[in-house]
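A.B. asks: One structure, as structure tokens, below. Some questions next.
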Amino acid sequence: MSGEPGNRGSSAADLGSPAPDTVVIRGTRCTLRAFRSDELDTLIAALHSVGEDPAGFAGPRETVGDEREELRRRIAASGRLHDGWLEFAIEADGRLVGDVQGRGGRRMLPPGVYELGIELYDPASRGKGIGSEAVTLITTHLFAKLGAGRVQATTDVTNVPMRAVLARLGFREEGVLRDFMPSRDDPAGARNDYVLAAVTAADWAGLRGATRP
């Protein structure tokens, strides 16, 4: 796996081109890279298909135009650390298949702590090791390049596959966050319990010789 600047020899203003200071991290199953501006419509459709807010946790929007503008800003900031957040597109077999983030910053978490988020848009992309490798790649980058001391992740207590991936990669479950996340499936306002799992820099360094994505 490797991390390198994503300069493609064209202006950041060119349609579809990421900023020249973005990072590309390559694995064997997937590549983490910046989103391209010409992926806007594809990304909006993909995020809606999995019930994710296209603008992240940006709050309520009044119009579809607001949604598109917020997502343009999210795309422009991807591929490099921006205001404590690091977000990548996940590419596999030449296709955009998901996104992964390391969320930090003084307004969210203590210094050196990042929380992961990951989404694979198409069910056909799941169960192939892509998500596992994406988590491995970004976690390694957060520790090795950004000096993280701790990386954590939360997932629904019923999300057995994701809990298994995190455990296999060395994340330890530390507790249950009761009534943590509003349910996507219950308009009446039910909230789901989530599991918190984490790995420290020392844990990760000790595990890398034995754990594979």
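The values are calculated or read from the model by the stated rules, or taken from the named source; none is laboratory data. Because the structure is a prediction, the values reported are computed rather than measured. Virtual Cβ from ideal backbone geometry, glycine too; neighbours counted across all protein chains shown.
A.B. asks: Can you tell me how many residues in segment 133-147 are over 17 Å from Asp203 (Cβ atoms), surrounded by 21 or more Cβ atoms within 10 Å (Cβ to Cβ) and not hydrophobic (A, V, I, L, M, F, W, C)?
C.D. replies: Residues flagged as over 17 Å from Asp203 (Cβ atoms), surrounded by 21 or more Cβ atoms within 10 Å (Cβ to Cβ) and not hydrophobic (A, V, I, L, M, F, W, C) within segment 133-147 amount to 1.
A.B. asks: So, one more: Which numbered condition in (1) farther than 28 Å from Leu96 by Cβ; (2) modelled with pLDDT of 95 or more is the only one that Gly129 fails?
C.D. replies: Only one criterion is unmet by Gly129, namely (1).
A.B. asks: Note down all Cβ pairs under 8 Å where the first residue falls in segment 194-208 and is farther than 30 Å from Ser183 by Cα and touching a residue at least 24 places away in the same chain (Cβ under 8 Å), the second is surrounded by 16 or more Cβ atoms within 10 Å (Cβ to Cβ) and among the hydrophobic types (A, V, I, L, M, F, W, C), and they're at least six residues apart or on different chains.
C.D. replies: So the pair list comes out as Ala201/Phe143; Ala201/Ala148; Trp204/Phe143; Trp204/Val151; Ala205/Phe143; Leu207/Leu169; Leu207/Val199.
A.B. asks: Just to be sure before I move on: is Val165 touching a residue at least 12 places away in the same chain (Cβ under 8 Å) and within 28 Å of His48 (Cβ to Cβ) in the structure I sent?
C.D. replies: Criteria met by Val165.
A.B. asks: Identify the single condition in (1) of a type outside the set (A, V, I, L, M, F, W, C); (2) assigned to a helix (DSSP H, G or I); (3) within 22 Å of Arg29 (Cα to Cα) that Gly206 does not satisfy, given that it satisfies every other one.
C.D. replies: Only one criterion in (1) of a type outside the set (A, V, I, L, M, F, W, C); (2) assigned to a helix (DSSP H, G or I); (3) within 22 Å of Arg29 (Cα to Cα) is unmet by Gly206, namely (3).
A.B. asks: Then there's this: Name the pairs: first residue in segment 12-29 and over 17 Å from Arg73 (Cα atoms) and at pLDDT 65 or above, second residue surrounded by 17 or more Cβ atoms within 10 Å (Cβ to Cβ) and acidic (Asp, Glu), Cβ to Cβ under 9 Å, at least 6 apart or on different chains?
C.D. replies: Short answer, once both residue conditions are applied: Gly27/Glu133; Thr28/Glu133; Arg29/Glu133.
A.B. asks: Would you pick out the residues in segment 179-203 that are among the small types (Gly, Ala, Ser), part of a strand (DSSP E or B) and touching a helix residue (DSSP H, G or I) at 6+ places or on another chain (Cβ under 7 Å)?
C.D. replies: Ala197
A.B. asks: A further question follows. Here are some residues: Arg178, Arg172, Arg150. Which one is over 28 Å from Ile75 (Cα atoms), at pLDDT 95 or above and surrounded by 13 or more Cβ atoms within 10 Å (Cβ to Cβ)?
C.D. replies: It is Arg172.
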